[in-house]
Structures are given as C-alpha cells and as structure tokens.
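The values are calculated or read from the model by the stated rules, or taken from the named source; none is laboratory data. Predicted model, so just to flag it, every value in this text is computed and none were measured. When we count neighbours, we look across all protein chains shown, and the Cβ atoms used for this are built from the backbone with ideal geometry, even at glycine. SASA here: full protein model, heavy atoms, side chains in, ligands and nucleic acids out. Shrake-Rupley method; radii C 1.70, N 1.55, O 1.52, S 1.80 Å.
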2 protein chains.
Amino acid sequence: MRIAGEKNVLVGGDIPDDYSHDEMAPVTSEPEVVFLAGDTSEISALLRHCCWRNIPVTPRGAGTGLMGGAVPVCGGVLLDLGRMDEILEIDEKNMLARVQPGVTLLELSEAVEARGLFYAPDPGEKSGSIGGNVNTNAGGMRAVKYGVTRDHVRGMEVVLPDGEILHLGGRVAKNSTGYQLLQVIIGSEGTLAVVTEITVRLLPRPPALASLLVPFSDLDAAILTVPRFAEAGITPQAIEFFRRGVIEASERYLGKSFPDRSAPAYLLLRFDGASREELEAQIDAAGRVCLENGAIDALIADTAERQEALWSARGAFLEAIKHDEMDEADVVVPRAEIAEMVNYADEVGECVGLRIESFGHAGDGNMHINMLRDGLPWDQWRRKVDRAMELLYEKAEELSGMVSGEHGIGHAKRAYLERHTDPREIALMRGVKELFDPRGILNPQKIL
Amino acid sequence: MRIAGEKNVLVGGDIPDDYSHDEMAPVTSEPEVVFLAGDTSEISALLRHCCWRNIPVTPRGAGTGLMGGAVPVCGGVLLDLGRMDEILEIDEKNMLARVQPGVTLLELSEAVEARGLFYAPDPGEKSGSIGGNVNTNAGGMRAVKYGVTRDHVRGMEVVLPDGEILHLGGRVAKNSTGYQLLQVIIGSEGTLAVVTEITVRLLPRPPALASLLVPFSDLDAAILTVPRFAEAGITPQAIEFFRRGVIEASERYLGKSFPDRSAPAYLLLRFDGASREELEAQIDAAGRVCLENGAIDALIADTAERQEALWSARGAFLEAIKHDEMDEADVVVPRAEIAEMVNYADEVGECVGLRIESFGHAGDGNMHINMLRDGLPWDQWRRKVDRAMELLYEKAEELSGMVSGEHGIGHAKRAYLERHTDPREIALMRGVKELFDPRGILNPQKIL
C-alpha cells in the first residue's frame, strides 16, 4: 500500500473475479492481492519487496490470453499493468513508437494510423495489450507479409524479479552488440522480467488495401491453393482459411450476415499496395491463381465498408464459437502441411467424439483448433480434450510443427511443451529461468 | 585424428597463416590444431573430447569477420566449418532452404535465384559464410526493407560445448513455444554453440530491380533526405551513403571507373517491384523526393549491367580502402541521427589526427567508420585509434546508438561493449555464457 497508494491495491473481497482467469484456459486461481501499477518505479519497489519475502507475482496485461499465462496459479500478487496505458512518443523521424505495456493494439493502431503510419502485427484480439503481445510473441493475420511481434520490437524497459530496471535494445534497426537478452524476454510470458516500456518500429501506412473472399467446394482445394500465391510472386498481407460453420457462428454472434456463405470452405486474403494500380494488379493475379486452382469464385472487396464486414467477422470467430465453452490447440506446422493438419484435426474430432472447429492463418501454417464442450459433463469433456490435444501435438511434431504458433504455453500447455521438446532444450530453458529469476517469484508455474 | 581422419587435421608447421587472423581485427593468434570438420557427428565428438580435456575450440566460417571473432586467441583447436558447404535442401513449397554453415552467401543466392526465389539478407561480403552471418546477425544493404539475418532464420541444428546435438526452431513461420534459445544463439559469435545446419526462409524473387544514384553537394543534404522516403511511403531495399573519397579508392582497386564522381556525396538506392510499372512509379517518386531535397541529379540505373557497375563498386568499398591498414567502428544509431554521427566522425578524425572514411547504410542508421593507418608507426596509430573509438562510442551512446550494428563484438570490441553496457546486462550475458558453456571452452575471450 505504501508503494502504490491505497486505492490501487485490492485485497480479499474487493478483488473482482476477473483476475482469477483469462479468456479461455480451464484454470482459475485467485490472487491474494491485486496491485494496479502506475509506473516503473512502483513495479521495481513491489518486486524488490516480493523477491525479499518470496511472494509470487503474476503480471497481467488486458487478460485476453488463452493459455492461463496471466492467472495467479500460486496466489500472491497479481500485477495489473492496465493503468500503464500511455503512448509515450511517436517518433516520426525514426518511425518508432514508445509505449507503456497497457496500451491496447486498437489504441496503438489508431494513434499511429492518424499520422500515416502503421504497426504491422495484427492479432485478432484488438483489446489485447501490447505488453501481452510482446510476452507471447503474438503473430496475427498480417504475419504472412510482415512477420510477428518479435520482428517489430526494437527496445524495452524491463524490471527484473529483484527490482532492478534494465533498458534493452533501443531505437536502432540493426544490433549485433552482445547476447540479445531482449530476444529471450520476447515470448517469455512474464516469467523472466516485467516489461514496462516497449519501443516498436512503424512502417509507412499502405495507401491502398483490398480483400478477396474466395469460396471453394472443399477445404483441401482451398489450402492447396495457398503455396501458389508465393510461387506466382504474390505476397498478401494475410491468407486466412475457415469453413461455413464458423461463418454461421459469427453471424449468430454479431447479428450481421456475412457477405457469402454459399460454399463449404473459404480463403480470405488481404493485400496492400503503394498505389491503386499495384493493388489491382495483385488482386487480378491472385484471383487468377484462385480460379485456376478450383475456386468457385473470387469476390473482391475494395471499399472500406465491404472489407470491414469481412474482417470484423473474421476477428469475431473466436468469440463467436467461444460462446460455448471450449479449449484450443494453437499448433503451427510448415505451411505446406496445413491441409493435412486440418484434416487430421477433423479425424481426431470424430474419433474422440468432440466437435472440433478449425480456422486460422493458412499463409503461415498456424491454425486454431477449437474443441467445443457442447454440454458434455466437465470431466468427460476434459478427458476428451486431453486425448485430442495429445493426438494433435503428436501429429504436429510428426509434420515438423510446434506446440504454439502465437498463443504461448502459459499454464495450460506446459505438459505438452515438455513432452514435445528435447529434454536438454528444456534444461536450458530452466537455466534461463533460474538466471533471470533465481528465487522463482515471477509468474511461477508458467511455460515450465 | 581418429575423429576426422589424418588429412583433415593440421598441426604445427602445416597450419596456414590464414588461420591466425581474420580480415581486419588487429589481433593474431595461432591455433595448435586445425580441424576441418566434415559433418555434425565429427563436431560432436571433437567437442566432447575438448570439453573433457578443457581445450579451447574456436569455430570459423569463411574467416571474413572484422572483429577477431574467429581468431583462436587462446590457442587450442581451430574448428574450420568450410568443408560443410552443402545446400541440403531447397523446399519450394514451404519457401525454405536448409544449408550447412560453410555455404557462402554467393552460393546460396545463386542456388535460390535459379529457382525464382530470393534470400533477402545482403551483406556486402559475398564470400562470407551463412554460418558466420548467423553468428554475427549480419545485416547488409537490403535491411532497410527486409531486416537482418535474425529475421530470416527459422531453425538450426547446433552442437553444445559438451557435444550434445540440439535442433532448435524448425520449419515454421510463427513460434511461441517456450524460451527461444535459437534467438540467443543468433548473434552469439560461436561462443554458445557450434551452428551445424541452418534453415532460412526464402521469398519470391522480385521480378524487377532498379537503382538510383543520387549526387549531392554535401553529405548533410544527402542524409537529411533519407527520412523523406519513408514519409512519402517509399520503401527501397537499400539506402547507402558514401563520399567521393571511397569512389576514388574503389576505382583504383577495381580498375574500373564509377558511373559518376562529380559530386562530393552520394546516396545509392535500390528498389524492387512486383512489376515494371510499380518499380517505375517508385523510382519516379524517389527521384522527385531527392530533387526536392537538394539533390544535384538522380541517375537511374535500370539495366542489369549498369546496376552491377554501381553495386559491385559499393561492395568493394571496404576492400578498396582496406588496401591500406585500417580499423573500423561499426556503430548503429537511430536513423535520424546518422548525419550527426558522420559529422562527428569527421571531427574526431581531425581532432585525433587520423584519416577517417565513413560510409554505410543510411537507411538503417548503421555506418562503417574506417580509420586508416596511412603509414603511421604502429603504436602511435593504435593509440589514435583507441582514442577515436572511445569518442565515437561515447557519441553513439549519447545518440541512443549501439556499439555494433552488424559486425559483432568479437575479440576487438570487448572493452567497448563492457564500457557502454549496463553492468547488470553484462552479468546476465555472462550467465547465458555459463549456462551454455560452463567450462568456457567455446570461443573463449569473445564478446565478454
């Protein structure tokens, strides 16, 4: 209380239930104290205190994670970074933004786009915080062209578990100056240090955008088309795939009809271009590729409204099916293997007796395989989910894939990480954790 | 000898002098044994043996480094990876190449370009090995548009100092699966593990390229033009800057005349485009930006021959001035600060009494500040260089820059890294080294 002031520390019955869970993981646990941090020095003082007294501290951004990464599974202090939500600087000359971790993706995009700039990573959950994005190395739709969060982080201020403040990286575009601790902290899910400030690079805002909604008579044909774009020298921002089922769910959820639902499977592509002509040339070429590869049609959306209708529906898929209780595997496989992975997920659903809805990022091999409860008794559902997860991760490993493409490991996927990773690699990961956090107070029981 | 066979182990007088130095660092040291590795299992056996007997092992790629990173400063075994020079696979469906570390940049580019693909990183030294590039996180000219080596590495096979073989990352485009050890090894200059196989991503080869050589009446005007491109939404592959001095040196060195040397300062830009029209639109827009910002002219090179003349000269700058003995600072600063840094380097040269030639990557704030010996007595030259380095790194730090943009720390810049880095960050770096290499046998006395 002496650190943050009384109104920014919650205890006991004053703690809202929200702090005991995230958006999906089937894990809940209540913190003993919630600390609403106002600045870096408060966090430093808090960690110094907790490190000394061996009190677990779990950092939390917007709480939109899906793997339990921000759930205080060992109790202790929940460190809410939501009040640290300032955009500190937009440096147009160096094309950088310096922000606090609680800034949401939506706030960051709006602020930089107003200046003709563009923050390229584009996770579907726009109310997620940039701090959370850095901590999971979030990917998102535009990864096909622009890469993931890691590729856009230039520098960070972090607080180590003993309270010391470090500045890593900076404002530079290239860096070969010693071991890159910054790169280990990206994606470390709040287990190595608390990220208190982030410098990201910005790009010129592409002046022209257009999207292509492409119906196919089956998902295989849709997904087999994906490598053809690159072969034809076409680089969309995004290549998403989904089936009619999630369209219907999103229509029910949003109360809006989707522009097309005549076909069983779709690709949705978005393109940017330095000019209208360049964009049209890309759209034409992409449309040709689709039709040559069995697409039923290729519907162009080139007005802002039509594109908004498509992408807001895509952004709502997860929420739409989450209406029902569910769990998720976030596997990533080499791009060419995605059709096999999706078909296998269907087989697993049938074999285990679970309704499985898959959709995701066809362009970079990352898919979200969602397992719905559909009113099953809890224990029975969890048993089916565990069996399905194990089969899916085994298959992913066989296809040279990984357990998580962008959602992280958190608490929920620790056993799968351990099972599908070389024991020596796990031992080195443990060594990294011990190096940063020898007392193990920061976000315990996550990742490892 | 039992590991690699007699002809692949050199000892004593059979060891060529080349193994005792790299391309520039003022540090030489002879190995006791040179081991010409043939495959990963030999390296594993060698490291197991050396770890047990506490023998230093220094990995070396093509030996084109500039900071002494591949010089065996503690003697022991020099591990030459040059024989491991196979391109193991070009996976067109997933747009990946899997290569051994001894493959040169030139070999990799030629192999993938023959298939219509493109490896984006473009360091000037085309005879450098891809293993060396990964170990310094090399940048190169195209970093403005495509980023650095780190952004293109997907997976690696490495041998740990005790001989254990690990596979990190893989063939996937997104990855949030635990701490990314891969990212720590990139740029670690052979001090944490020996990289024995690398999977890099490829892009579609841009069908059209053109360059713009832009003379200016002074360097300030040239460099102040750089941020204007991004503001106008123009993204060149490369934005290089140089002065007449290095043009003249390269003409003497190559015996070929450069297309223009009428002006004291130049920008050299290269653009790619999905079509000839898109490319022309970019070139026009960039030419306009240059002329509006004080350029004397904007000379388009759109044939392969003309572009080759420009870029082969640019690629030879370092060799051309290195003819004379020299040392180099490889600082990187925020892009908008590069004019101030270059001017300051000139002042330092005058004040210390050294001839300094700067050129480099204006588009990403990374410049190579070269200090020429010009016949000075060795001791006097080294004293002047030390003084100049210290002043330059102090200035870089003041401008939020870093010690190395792309050449690494090696042996030569260790003291500067330590002086310009937070002691806690250095302590964590030491911890990383101890975690991977507790006996300290792998490339000792490098980075730290």
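Here are the numbers for this structure:
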quantity	calculated
Antiparallel content of DSSP bridges confined to the protein assembly as shown, in %, to 5	85 percent
Charge dipole (debye, nearest 20) of chain A; +1 at Cβ of Lys and Arg, -1 at Cβ of Asp and Glu	820 debye
Residue among A:M156, A:F436, B:G139 farthest towards the positive dipole end of the protein assembly as shown, charges placed on Cβ	A:F436
Net charge contributed by nearby residues that have their C-beta within less than 11 Å of A:E23 (K/R +1, D/E -1)	-4
Reach of A:K145 by Cα under 16 Å, taken over lysines that are not fewer than 8 positions away in the same chain	B:K145, B:K174
Residues in segment A:71-105 that, when all protein chains are in place, have 30 Å² or more less accessible area than the chain alone would give (probe 1.4 Å)	A:K93, A:N94, A:M95
For A:L36, net neighbour charge (Lys/Arg +1, Asp/Glu -1) across residues whose Cβ lies under 12 Å away	-3
Scattering curve values for segment B:6-80, log₁₀ I(q)/I(0), Debye with Cα scatterers, q = 0.14, 0.18, 0.20 Å⁻¹	-0.40, -0.67, -0.82
Listed peptides A:367-375, B:145-153 by packing density, highest first (mean Cβ within 10 Å)	B:145-153, A:367-375
Proximal lysines relative to A:K446, as straight alpha-carbon distance under 17 Å, when same-chain residues fewer than 8 apart are discounted	A:K413, A:K433
Amide H within-cut-off set for A:R205, under 5 Å, with H built and near neighbours excluded	A:L117, A:F118
Cα-only Debye scattering, segment A:358-448: base-10 log of I(q)/I(0) at q = 0.14, 0.18 Å⁻¹	-0.64, -0.95
C-alpha long axis of helix B:40-53 to longest principal axis of chain B, angle in °	60 degrees
Shortest-first nm distances, B:P438 label point to equivalent points in other copies (7 Å, Cα→Cβ)	1.5
Sequence-distant lysines (8 or more away, or on other chains) whose Cα lies within less than 19 Å of A:K256	A:K322
Averaged over A:419-426, number of beta-carbon atoms from partner chains that fall within 10 Å	3
Calculated label separations, A:D17, copies of the chain, 7 Å along the beta-carbon direction, nm	8.0
Global form of segment B:213-314, assessed from the alpha-carbon gyration tensor, a/c cut-off 1.5	oblate
Whole-percent carbon and sulfur share, accessible surface of chain A, 1.4 Å	47 percent
Nearest 10 degrees, 0 to 90: helix B:304-322 Cα axis against chain B principal axis	60 degrees
Mean Cβ count within 10 Å, highest first, over the residues of peptides B:119-125, B:45-51, B:132-138	B:132-138, B:119-125, B:45-51
Residue-averaged beta-carbon neighbours from other chains (10 angstrom radius) around B:274-287	3
Translational D in µm²/s for segment B:89-151 (Stokes-Einstein at 25 °C, 0.890 mPa s, Kirkwood Rh from C-alpha pairs)	208 µm²/s
At least 50 Å² of accessible area lost relative to the chain alone, listed for segment B:150-196 with a 1.4 Å probe	B:R150, B:L166, B:R171, B:V172, B:K174, B:S176, B:T177, B:G178, B:Y179, B:L181, B:Q183, B:V184
Paired Rg and Dmax values of segment B:87-204, which use every Cα atom, in angstrom	13.3, 40
Whole-Å distance, taken between Cα centres, linking segment B:358-383 and segment A:64-97	42 Å
Assigned charges on the beta-carbon of Lys, Arg, Asp, Glu; segment B:87-204 dipole about Cα centre (debye)	480 debye
Length released on extending from A:E347 to A:E418, taking residue separation times 0.36 nm less the Cα-Cα span	23.1 nm
Per-q log10 I(q)/I(0), chain A, q = 0.14 Å⁻¹ (Debye; single scatterer per alpha-carbon; no solvent)	-1.39
Sorted peptide list for A:317-323, A:177-183, B:301-307, criterion being average Cβ within 10 angstrom, highest first	A:177-183, A:317-323, B:301-307
Average accessible area per residue (Å²) across chain B - probe 1.4 Å, nucleic acids and ligands excluded	36 Å²
Sum of -39500 (n - 2.57) over DSSP H runs of 4+, divided by residues of chain A (222 nm, nearest 500)	-10500 deg cm²/dmol
Threshold 10 Å², segment A:217-236 residues less accessible with all protein chains present than alone (1.4 Å probe)	A:P227, A:A230, A:E231, A:G233, A:T235
Inverse mean reciprocal Cα-Cα distance (Kirkwood Rh) of the protein assembly as shown, Å	28.3 Å
Beta bridges by DSSP in segment B:1-118, antiparallel share as percent, to the nearest 5	45 percent
C-alpha center-to-center spacing [segment A:306-326, segment A:386-448] in angstrom	28 Å
Relative contact order computed over chain B (Cα-Cα under 8 Å; 6+ residues apart), in percent	16 percent
Inter-copy label distances at B:E248 (7 Å, Cα→Cβ; nm, one decimal)	7.9
Diffusion coefficient, µm² s⁻¹, Stokes-Einstein with Kirkwood Rh over alpha-carbon pairs of segment B:1-147 at 20 °C and 1.002 mPa s	131 µm²/s
The protein assembly as shown, dipole about Cα centre (Lys/Arg Cβ +1, Asp/Glu Cβ -1), debye to the nearest 20	940 debye
Label-reachable residues, segment B:230-245, where backbone N falls under 19 Å from a point 7 Å from A:E113's Cα toward its Cβ	B:233
Between A and B, accessible area buried - total, square angstrom, nearest 100, 1.4 angstrom probe	6200 Å²
Euclidean distance of C-alpha centroids, segment A:166-228 and segment B:188-207, integer Å	18 Å
Helix A:244-254 axis, angle to chain A major axis (alpha carbon atoms, nearest 10°)	60 degrees
Segment A:87-204, relative contact order in percent, only Cα pairs under 8 angstrom and at least six apart counted	32 percent
Within segment A:14-36: backbone nitrogen closer than 20 Å to the A:A45 label point (7 Å, Cα to C-beta)	A:33-36
